[in-house]
Amino acid sequence: ITFKPKQILKKHMDLIYVLWLFCVVAAWNWNVWLIPIRWAFPYQTSENLHLWLLMDYTCDLIYIADILVFQPRLQFVRGGDIVVSGTNEHINFCLLSFDLNFFHLKRFISYMAFFEFNDRMEAVMKKAYIYRVIRTSTYLLYSLHINACLFYWGSDYEGLGSTKWVYNGKGNAYIRCYYFAVKTLITIGGLPDPTTVFEICFQLINYFVGVFAFSIMIGQMRDVVGAATAGENYYRACMDSTVKYMNSYNIPGEVQNRIKTWYDYTWKSQGMLDEQELLMQLPAKMRLDMAVDVNYTIVSKVALFQGCDRQMVFDLLTRLKSVVYLPGDFVCKKGEIGREMYIIKQGEVQVVGGPDLQTVFVTIRSGSVFGEISLLAGGGGNRRTANVKAHGFANLFILDKKDLAEILVHYPESQKLLRKKANAVEQKSGDNKVFNVQHGSELSQLKASFGNRLIFQGKLLALYSL
């Protein structure tokens with residue numbers, strides 16, 4: 001057996017096959033809806049028989065094409081093995097499928113294509129709950145449709161217009177019978193009382209089925225709407241719990257407003273509060289694939305990790321944590337112990353200084369990295385040399401020093417390379433101290449112009465080389 005999992009995954013989302021399933025389902029729905037009408041109502045006559053037969057033969061041609069062209073090319077899974085076309089097992093499956101799906105019977109048993117179409121539509125739609133609502137509503141309409149056909153058949157059996165309960169033969173037969181079905185199944189009431197034994201039994205069954213079917217439809221609709229709003233309900237519950245906690249401890253109003261703003265922006269920008277909670281449900285390999293697609297382009301540009309083992313960088317991607325900062329929030333402050341590296345996923349941050357921390361020295365934009373030197377510092381970590389705050393709403397990836405240390409245990413060569421870079425940084429820091437003694441006046445001018453080592457480092461090195 002030849003295994004082609006990538007082709008199967010691609011075919012599962014193949015829009016051409018979904019469009020073909022739509023044609024098969026349309027032909028199946030033609031029979032499912034119209035055969036009861038043709039059986040109960042006198043709509044099929046000798047004058048229009050050729051039109052009915054034309055549609056029937058068209059549907060049969062679609063079924064035959066599905067059996068002979070599409071079904072033999074489908075791949076399926078048996079015992080964990082992927083069975084593809086050309087194998088004996090696949091040929092036996094196709095012969096069995098042909099025997100079961102002979103086109104005269106396909107008018108009734110093509111419901112498998114209907115459910116497959118539903119699954120694939122939900123897979124390709126961004127808001128699948130809309131389709132689920134439409135499908136559940138269609139189930140209700142179809143149950144009313146069948147009841148309307150049965151009511152006309154019962155009226156014809158009793159005799160049209162023979163009693164007040166049966167259809168009297170006036171107006172549009174289908175519309176009037178459908179109106180009766182709506183009032184019966186939804187138990188609206190206001191119907192004439194049945195008089196004969198047949199009418200009483202028919203109406204009793206209608207009421208029982210109506211209550212049972214309608215309750216099922218309401219339950220399904222509740223589940224669909226509940227699933228569609230589950231994420232938002234979780235967000236509201238977290239927000240309410242946090243507000244209750246803040247009120248119980250008399251948290252200042254300004255802090256409460258900032259926390260509420262964080263909840264609101266995080267939910268609107270990400271559609272979730274914690275990405276890690278969602279990703280943890282996936283296998284490790286799939287989490288890595290998603291992390292590579294989303295973050296590898298940014299992390300691969302970090303000079304600190306250039307030259308390191310590629311697999312080590314992949315492991316780093318799964319340790320990145322997404323954090324949202326509000327406008328004015330300080331990402332880090334000067335003098336703090338640095339234990340994290342930051343990658344700007346979205347938004348901007350500013351390096352600020354001055355007496356009131358309102359002087360902006362530089363703006364760092366999306367895709368940039370800062371704080372990576374903190375990962376190389378020994379002991380308890382190095383001191384931050386600048387104040388960095390979010391300019392607007394900023395979404396940052398954070399890599400913790402502890403996570404990096406756990407990963408480097410398995411990559412000794414990359415660990416040696418990073419240690420060399422750490423030594424180079426320390427050597428450069430020592431050279432800057434010597435330069436500070438020899439060129440005090442020039443250094444003071446640079447500090448006055450740029451405010452911190454991160455900003456004037458480039459000019460410092462340029463002056464030192466003169």
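The values are calculated or read from the model by the stated rules, or taken from the named source; none is laboratory data. Nothing here was measured: the structure is a model prediction, and the numbers come from that model. Note that each Cβ is placed from the backbone with ideal geometry, even for glycine, and that neighbours are counted across all protein chains shown. Keep in mind that these areas ignore ligands, DNA and RNA; they rest on the heavy atoms of the full protein, side chains included. Shrake-Rupley method; radii C 1.70, N 1.55, O 1.52, S 1.80 Å.
Listed values, structure above:
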{"quantity": "Subset of segment 358-397 that is over 30 Å from TRP267 (Cα atoms) and aliphatic (A, V, I, L, M) - its residue that is modelled with the lowest pLDDT", "calculated": "ALA377"}
{"quantity": "Lone qualifier among ASP156, ASP193 - being open to solvent by 60 Å² or more (accessible area, probe 1.4 Å) and either touching a Ser or Thr at 6+ places or on another chain (Cβ under 6 Å) or under 23 Å from VAL32 (Cα atoms) (or both)", "calculated": "ASP156"}
{"quantity": "Filtered residue count, segment 310-343, keeping only those that are touching a Phe, Trp or Tyr at 6+ places or on another chain (Cβ under 9 Å), crowded, with 18+ Cβ neighbours inside 10 Å and not aliphatic (A, V, I, L, M)", "calculated": "5"}
{"quantity": "Hits in segment 181-204 (condition: within 20 Å of ILE218 (Cα to Cα) and either modelled with pLDDT of 90 or more or assigned to a helix (DSSP H, G or I) (or both))", "calculated": "ALA181, VAL182, LYS183, THR184, LEU185"}
{"quantity": "Residue in segment 359-374 that is surrounded by 15 or more Cβ atoms within 10 Å (Cβ to Cβ) and at positive phi present", "calculated": "yes"}
{"quantity": "Test: TYR235 is free of Cβ contacts under 8 Å to residues at least 40 places away in the same chain and either over 23 Å from PRO327 (Cα atoms) or open to solvent by 70 Å² or more (accessible area, probe 1.4 Å) (or both)", "calculated": "no"}
{"quantity": "Top-ranked residue of segment 285-309 - restricted to ones that are open to solvent by 80 Å² or more (accessible area, probe 1.4 Å) and outside any loop (DSSP other than H, G, I, E, B), ranked as farthest from PHE393 (Cα to Cα)", "calculated": "LYS285"}
{"quantity": "Of all residues making up segment 248-283, the number that are modelled with pLDDT of 85 or more, small (Gly, Ala, Ser) and open to solvent by less than 60 Å² (accessible area, probe 1.4 Å)", "calculated": "1"}
{"quantity": "Options GLN311, GLN306: the member that is among the polar types (S, T, N, Q) and more than 30 Å from the chain's Cα centre (by Cα)", "calculated": "GLN306"}
{"quantity": "Subset of segment 173-189 (residues that are β-branched (Val, Ile, Thr) and either open to solvent by 50 Å² or more (accessible area, probe 1.4 Å) or more than 15 Å from SER215 (Cα to Cα) (or both))", "calculated": "ILE175, ILE186, THR187, ILE188"}
